[in-house]
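Scroll down for the structure; my scribbles are underneath it.
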Amino acid sequence: MAAGLIGPGRFPIPQFGITLDLASPIQVGYAKKADVTGSATWSTPIPSKFSGMPVWAQGLQNGQITNLRTVVVQ
């Protein structure tokens with residue numbers, strides 16, 4: 001899972017042959033494999049200073065990416 005605070009952008013990852021739709025993404029949590037339904041869940045602690053801020057996230061697996069999602073830190 002990759003996430004960023006800056007927002008949408010373009011971030012190529014040549015070794016996977018993909019481009020994320022994020023500007024300056026960071027890896028969030030540990031790598032996980034999806035289950036048989038294609039679902040995976042990530043959970044990571046976020047410092048309280050980010051409360052109320054939007055975070056953009058995108059998953060990747062086997063050279064494919066998910067849609068870009070935006071959530072507000074609660």
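Give the residues of region 18-47 that are in a loop (DSSP other than H, G, I, E, B), among the β-branched types (Val, Ile, Thr) and within 11 Å of residue 2 (Cβ to Cβ), sorted by residue number. Before you say what the answer is, go through the steps one by one.
Within region 18-47, the subset in a loop (DSSP other than H, G, I, E, B) is 23-25, 28-47.
Subset that is among the β-branched types (Val, Ile, Thr): 28, 36-37, 41, 44, 46.
Result: 28, single match.
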Between residues in region 38-64 that are in contact (Cβ under 8 Å) with a residue 12 or more places away in the chain and within 20 Å of residue 23 (Cβ to Cβ) and residues that are aromatic (Phe, Trp, Tyr) and surrounded by 12 or more Cβ atoms within 10 Å (Cβ to Cβ), which pairs lie under 9 Å by C-beta distance while being six or more apart or on different chains? 57/42; 59/42; 60/16
Sort out which residues of region 1-35 are surrounded by 14 or more Cβ atoms within 10 Å (Cβ to Cβ), more than 11 Å from residue 68 (Cα to Cα) and of a type in the set (Asp, Glu), and write them in order of number. none
Out of all the residues in region 58-74, is one or more loosely packed, with under 10 Cβ neighbours inside 10 Å and basic (Lys, Arg)? no
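No value in this document is a laboratory result; all are computed from the given coordinates. This one's a predicted model, so the numbers in the text were calculated from it and none came from an experiment. Ideal geometry is used to build each Cβ from the backbone, glycine not excepted, and the neighbour counts take in all protein chains shown.
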